[in-house]
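The structure appears below as structure tokens.
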Ligand code: SF4
Ligand code: SF4
């Protein structure tokens, strides 16, 4: 595996060269908080921020996405026919995505890119994207990624893993896409054996700095029905105000809603992020709501992340331990505690 060394004083020039061929996304400050957004011509990604408020899932799954358009103008031969919206899928690169977030996109891929169905919007965006990750040298107090099959130097889902070495970056090239990006940016100086050793030391120190341990080892063998009917869900849900924050900040939440909007003769079909924490999300046209109660919705969120997904795909939990929901929940509902309770649950016989 090739590892490239990049001096920080050459970093900006390299990114500027890459901009000729890629649309760049990266962490930037918007008002009070950091989020991933397309970088303007003269804008640099902020490589210091560890946990942006919203995850970079929007780079392949926008919060609002135009899917289809149609004209209602009956003088046009294609009137009332929905056609795929004209979206730009030219090459793009997400700079500074953290390993747990890249791992999350890899997990979400299991849902949007199956052998029976490929979501064309998600897949085209994903295919066009090169993920240039940045290892987490100093994990936040909310990070529990090492318990959730990820970690501060996790490489899954990444094309390049950058490691901040203070005066420069080491870039571990993981895929042909990553190699093409690095070549395009003009980064080609090979790292030395000493650099690689230092990188391993940073990795070990970062992993050891995560002290929160969440237990997941029993989840697979637990009975789905036992967990579903467990008595602890009322307690877990008691303080929830169904604000939906946990789902919007989560890098693995993928629920969406589809809306058609018409202005004059132009109709557009949009897809918008939605949330299983909202009662409207499951409200049927008949008025029936299979998850009309708060406890049912809270249970759904945790069961999906920690049991249904695990059982269906056998690729670990649908939580990567980024800690965003823990940090953002206004009433301190903590998935680490819920996961431990689920993992330890034994039904009364
Ligand atoms: S952030 Fe907390 S209060 Fe809001 S929906 Fe999620 S669990 Fe409930
Ligand atoms: S459930 Fe919470 S900790 Fe897990 S990936 Fe989502 S936001 Fe991060």
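The values are calculated or read from the model by the stated rules, or taken from the named source; none is laboratory data. The model shown is predicted, which means the values in this text are computed figures rather than measured ones. Virtual Cβ from ideal backbone geometry, glycine too; neighbours counted across all protein chains shown.
Output the residues belonging to region 178-205 that are under 16 Å from residue 95 (Cβ atoms) and buried (at least 19 other Cβ atoms within 10 Å of the Cβ). Hits for region 178-205 are 178, 181, 182, 185, 187. Mind checking which pairs have a first residue in region 293-317 that is in contact (Cβ under 8 Å) with a residue 40 or more places away in the chain and not assigned by TED's automatic domain parsing to the domain that holds residue 240 and a second that is outside any helix (DSSP H, G or I) and within 15 Å of ligand 2 (Cβ to nearest atom), Cβ under 9 Å, 6 or more apart or different chains? Sorted first by the residue in region 293-317, then by its partner, the list stays empty. Which one of the conditions (1) within 19 Å of the chain's Cα centre (by Cα); (2) not assigned by TED's automatic domain parsing to the domain that holds residue 339 does residue 245 fail to meet, given that it meets all the rest? For residue 245, the failing item is (2).
Suppose we filter 243, 276 for residues that are near ligand 1 (Cβ under 10 Å from one of its atoms) and within 26 Å of residue 50 (Cβ to Cβ); which single one remains?
Details: 276 fails: within 26 Å of residue 50 (Cβ to Cβ).
Selected residue: 243, the only one of 243, 276 that is near ligand 1 (Cβ under 10 Å from one of its atoms) and within 26 Å of residue 50 (Cβ to Cβ).
Could you grab me the full set of residues in region 176-187 that are touching a residue at least 40 places away in the same chain (Cβ under 8 Å) and out of contact with any helix residue (DSSP H, G or I) (no Cβ under 7 Å at 6 or more places or on another chain)? Spell out how you get there, then give the answer.
Step one: list which residues in region 176-187 are touching a residue at least 40 places away in the same chain (Cβ under 8 Å), which gives 177-182, 184-187.
Within region 176-187, 177, 178, 179, 180, 182 meet the criteria.
Go through region 326-340 and count every residue that is away from ligand 2 (no atom under 12 Å from the Cβ) and surrounded by 17 or more Cβ atoms within 10 Å (Cβ to Cβ). Total meeting the criteria: 0.
Say we look at region 306-325 and pick out the residues that are assigned to a helix (DSSP H, G or I) and near ligand 2 (Cβ under 8 Å from one of its atoms); which of these is surrounded by the most Cβ atoms within 10 Å (Cβ to Cβ)? Across region 306-325, the extreme among qualifying residues is 324.
Taking into account only those residues within region 222-240 that are in a loop (DSSP other than H, G, I, E, B) and away from ligand 1 (no atom under 15 Å from the Cβ), which is surrounded by the most Cβ atoms within 10 Å (Cβ to Cβ)? I'd like the intermediate steps shown before the answer.
Taking region 222-240 as the starting set, the residues that turn out to be in a loop (DSSP other than H, G, I, E, B) are 222-223, 229-232, 238-240.
With the extra rule that they be away from ligand 1 (no atom under 15 Å from the Cβ), the set shrinks to 222-223, 229-231.
Values: 222: 20, 223: 11, 229: 11, 230: 18, 231: 9.
The selected residue is 222.
Taking region 291-329 as the range and being within 16 Å of ligand 1 (Cβ to nearest atom) and at positive phi as the test, only 323 passes. In the set 46, 16, 42, only one residue is surrounded by fewer than 16 Cβ atoms within 10 Å (Cβ to Cβ), at pLDDT 95 or above and more than 23 Å from residue 127 (Cα to Cα); that residue is 46. Of the numbered criteria (1) free of Cβ contacts under 8 Å to residues at least 60 places away in the same chain; (2) within 16 Å of ligand 2 (Cβ to nearest atom); (3) in contact with a strand residue (DSSP E or B) (Cβ under 7 Å, 6 or more places away or on another chain), the one residue 261 fails is (2). Taking every residue in region 143-166 that is within 16 Å of ligand 2 (Cβ to nearest atom) and pairing it with any residue that is in a strand (DSSP E or B), at least 6 positions away or on another chain, the pairs with Cβ-Cβ distances below 7 Å are 157/131. Applying the condition of being more than 12 Å from ligand 1 (Cβ to nearest atom) and in contact with a helix residue (DSSP H, G or I) (Cβ under 9 Å, 6 or more places away or on another chain) to region 338-349 and asking which residue is nearest to residue 145 (Cα to Cα) yields 339. Taking residue 85 as the residue in question, decide whether it is over 23 Å from residue 246 (Cα atoms), touching a residue at least 60 places away in the same chain (Cβ under 8 Å) and crowded, with 17+ Cβ neighbours inside 10 Å. When the stated conditions are applied, residue 85 does not pass them.
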